[in-house]
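Worksheet: one structure, shown below.
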Amino acid sequence: MNIRTIATEPFDDQKPGTSGLRKPVPTFQKPNYLENFIQSIFDSQENYQGQRLVLGGDGRYYNRTAIQTILKMAAANGVGRVLVGQGGLLSTPAASCLIRKYQAFGGIILSASHNPGGTDGDFGVKFNIPNGGPAPAEVTETIFARSQEIREYYILDADEINLDQPGETQIGNMTVEVVDSVADYADLMASIFDFDAIGNLLSGGFRMVMDALHAVTGPYAKEILENRLQAPNGTVRNGEPLEDFGGGHPDPNLVYARELVETMYGNNPPAFGAASDGDGDRNMILGDHFFVTPSDSLAILAANATLVPGYAQGITGVARSMPTSQAVDRVAKQLGIDCYETPTGWKFFGNLLDAGKVTLCGEESFGTGSNHVREKDGLWAILFWLNIIAKRGQSVEEIVKDHWQTYGRTYYSRHDYEGVDKDSANTLMENLRSGLSNLPGKVFHGYEVTLADDFSYRDPIDGSTAEKQGIRIVFKDGSRLVFRLSGTGTHGATLRVYLERYEPDSSKQNQDSQTALGDLIAIADEIAQIKTMTGRDEPSVIT
Ligand code: VG1
Ligand code: CO
């Protein structure tokens, strides 16, 4: 056994963002770039020698290469056993499931999630902790600090591992176990949802389509929907994971999941349409000519949770990221349970879930999940919807409109200005920040500002704090504008503007959301000078 010590120099740009380290593939291909970051992860951990590590990725270009390197480095660093998904594939929620089930000390997930892949796309590395969730800021900061001092890394001389053959191989003192990427996760889903009811629905003529966007969810969706739940073959579209996602943008929204949207808004569409993202943690839900906003989806899952066997006893609490609409708050109020507001990013839900304070949580960015793992989970949300439909015997549109009748409708939209100039985006945010104290009391298009701040968060469990998490402008009627810069993009800056207005009157709940939010869209531009500062007339993506 030959462990080599390789001399290296730090890279100054290895600070993880909202969800892991994401960079263009050529950056990760620089000599020692991946190795430095991986060694920094090991260096930041204690007492992992001899323990288990979970490893897999979303199948994008560089996945297999990176896995071979990480296996040899794990062996050199004293890891006892690595569970790696067959073919190098693990969705983010499946990795979380394995970490928990097999008590690993952590997991390394290779994904840049919704960012495009391929030789000139993005690659990414996420590190998850023993609870199965994303490393909290304290851990990512330690990893980053380590990456700034690194001078050497350790790697074993070993042959490439065959990732396609399930079974065990020994490299050095470490065992590599190639595991079925899907089985444990599928079993977990079967333990939560009413597979009999969903199976009867799907084999009984109810038509659905699931678009995996050539990303990691394909094999999971085929096994669960087509094999275990007996949906007709072909229910899962674009189910073959490809290194470049077929040239697409694996982001399940109305713009990037165009093929699915065309089907669901075309002639004689299926009753249910769904899509997931690159690493399988996001979901989009569509009905016949009908789109469910992710914020509404979270509220509806919370309101209907007891229809699902896994939540039949009721939910203890809910949490949403700050920019996510307040629709779920109204459900929590009615149920008499707590509702927590956290910064953007799943890592902020971990402590609340671990402490049993919340059962369900979600983000406006097509992410919903529960205490079954510590990540958001695309297929879980899709199965949750199918379970509700099977039990209620109503269409997606009927379920949503019923919900609005009971709780009121929250018109909601996010406007993204992608790839704008970094300096201009920073100036826009700085200008907003410096003007915040002048806003309360001011009236724009009939909307009076009652609160304007830069969101900060104190974790109720461990007291850790996070500052500057997005600018909130709240109006007297509860309407809100939120501004923040993306922490996952790799080119220029992405400005996200979140718009929200509450409409309790059921006779006014059938407007197009962009129309209903028209005044707020105008106010956002007036206050933030978006057009002037970004040089853009309109957002690149509206969801
Ligand atoms: C975006 C979303 C955020 C999500 C994050 C990771 O972050 O807004 O809600 O948690 O992506 O999702 P940002 O900083 O770009 O707004 V995933 O599915 O890409 O890992
Ligand atoms: Co994702």
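The values are calculated or read from the model by the stated rules, or taken from the named source; none is laboratory data. Note that the coordinates shown come from a computational prediction; the quantities given were computed from them, not determined experimentally. Don't worry about glycine lacking a Cβ; one is built from the backbone with ideal geometry, like all the others, and counts go over all protein chains shown. The protein model used for the area step is the full one, side chains on, heavy atoms only, and it has no ligands, DNA or RNA in it. Shrake-Rupley method; radii C 1.70, N 1.55, O 1.52, S 1.80 Å.
Below are the figures for this structure:
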| read-out | value |
| --- | --- |
| Residue within the range 295-318 that is more than 23 Å from H403 (Cα to Cα), in a loop (DSSP other than H, G, I, E, B) and either at pLDDT 95 or above or among the acidic types (D, E) (or both) present | no |
| Number of positions in the range 297-318 that are of a type in the set (G, A, S) and without any contact (Cβ under 8 Å) to a residue 12 or more places away in the chain | 1 |
| Only listed residue being assigned to a loop (DSSP other than H, G, I, E, B), away from ligand 1 (no atom under 16 Å from the Cβ) and not aliphatic (A, V, I, L, M), chosen from G205, G218 | G205 |
| Subset of the range 305-323 (residues that are of a type outside the set (A, V, I, L, M) and more than 12 Å from ligand 1 (Cβ to nearest atom)) | T306, P309, G310, Y311, Q313, G314, T316, G317 |
| Number of the exception - C97 against (1) touching a Lys or Arg at 6+ places or on another chain (Cβ under 9 Å); (2) part of a helix (DSSP H, G or I) | (1) |
| Sole residue being away from ligand 2 (no atom under 16 Å from the Cβ), modelled with pLDDT of 95 or more and open to solvent by 10 Å² or more (accessible area, probe 1.4 Å), chosen from G419, G393 | G393 |
| Positions within the range 266-294 being assigned to a strand (DSSP E or B), more than 16 Å from ligand 2 (Cβ to nearest atom) and not hydrophobic (A, V, I, L, M, F, W, C), in sequence order | G273, G287 |
| Every residue from the range 68-92 that is β-branched (V, I, T) and open to solvent by 10 Å² or more (accessible area, probe 1.4 Å) | T69 |
| Among (1) over 26 Å from Q511 (Cβ atoms); (2) within 16 Å of ligand 1 (Cβ to nearest atom) - the single one L298 does not satisfy | (1) |
| Tally, over the range 33-62, of residues that are open to solvent by less than 60 Å² (accessible area, probe 1.4 Å), within 19 Å of G88 (Cα to Cα) and not in a helix (DSSP H, G or I) | 9 |
| Residue tally, condition part of a loop (DSSP other than H, G, I, E, B) and either assigned by TED's automatic domain parsing to the domain that holds S113 or within 16 Å of ligand 2 (Cβ to nearest atom) (or both), over the range 481-519 | 5 |
| Residues of the range 114-134 that turn out to be farther than 18 Å from K30 by Cα and modelled with pLDDT of 95 or more, as a count | 9 |
| Residues of the range 107-124 that turn out to be more than 12 Å from ligand 1 (Cβ to nearest atom) and either of a type in the set (S, T, Y) or in contact with a Leu (Cβ under 6 Å, 6 or more places away or on another chain) (or both), as a count | 2 |
| Cβ pairs under 7 Å, 6+ apart, first in the range 104-121 and away from ligand 2 (no atom under 15 Å from the Cβ), second of a type in the set (D, E) | G118/E243; G118/D244 |
| Conditions (1) assigned to a helix (DSSP H, G or I); (2) open to solvent by 70 Å² or more (accessible area, probe 1.4 Å); (3) free of Cβ contacts under 8 Å to residues at least 40 places away in the same chain; number of the one not met by D477 | (1) |
| Cβ pairs under 7 Å, 6+ apart, first in the range 457-469 and in a loop (DSSP other than H, G, I, E, B), second among the polar types (S, T, N, Q) | D459/N351; I461/N351; D462/N351; E467/S456; Q469/T344; Q469/S456 |
| Criterion: near ligand 1 (Cβ under 10 Å from one of its atoms) and open to solvent by less than 30 Å² (accessible area, probe 1.4 Å) - qualifying residue of G287, G350, G369, G345 | G345 |
| Failed condition for L21, given (1) assigned to a strand (DSSP E or B); (2) open to solvent by 30 Å² or more (accessible area, probe 1.4 Å) | (2) |
| Hey, L201 touching a His at 6+ places or on another chain (Cβ under 8 Å), aliphatic (A, V, I, L, M) and open to solvent by 10 Å² or more (accessible area, probe 1.4 Å) or not | no |
| Every residue from the range 128-161 that is open to solvent by 10 Å² or more (accessible area, probe 1.4 Å) and within 13 Å of ligand 1 (Cβ to nearest atom) | P134 |
| Residue in the range 357-366 that is farther than 22 Å from L225 by Cα and surrounded by fewer than 21 Cβ atoms within 10 Å (Cβ to Cβ) present | yes |
| Residue pairs meeting the criteria (Cβ under 6 Å; at least 6 apart or on separate chains; first among the hydroxyl-bearing types (S, T, Y), in the range 179-203; second open to solvent by 20 Å² or more (accessible area, probe 1.4 Å)) | S181/Q86; S181/L89; S203/Q230 |
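The rows are residues; the columns are (1) more than 16 Å from ligand 1 (Cβ to nearest atom); (2) open to solvent by less than 10 Å² (accessible area, probe 1.4 Å); (3) touching an Asp or Glu at 6+ places or on another chain (Cβ under 9 Å).
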site: P252; (1), (2), (3): no, yes, yes
site: T263; (1), (2), (3): yes, no, yes
site: F272; (1), (2), (3): yes, yes, yes
site: F291; (1), (2), (3): yes, no, no
site: A303; (1), (2), (3): yes, no, no
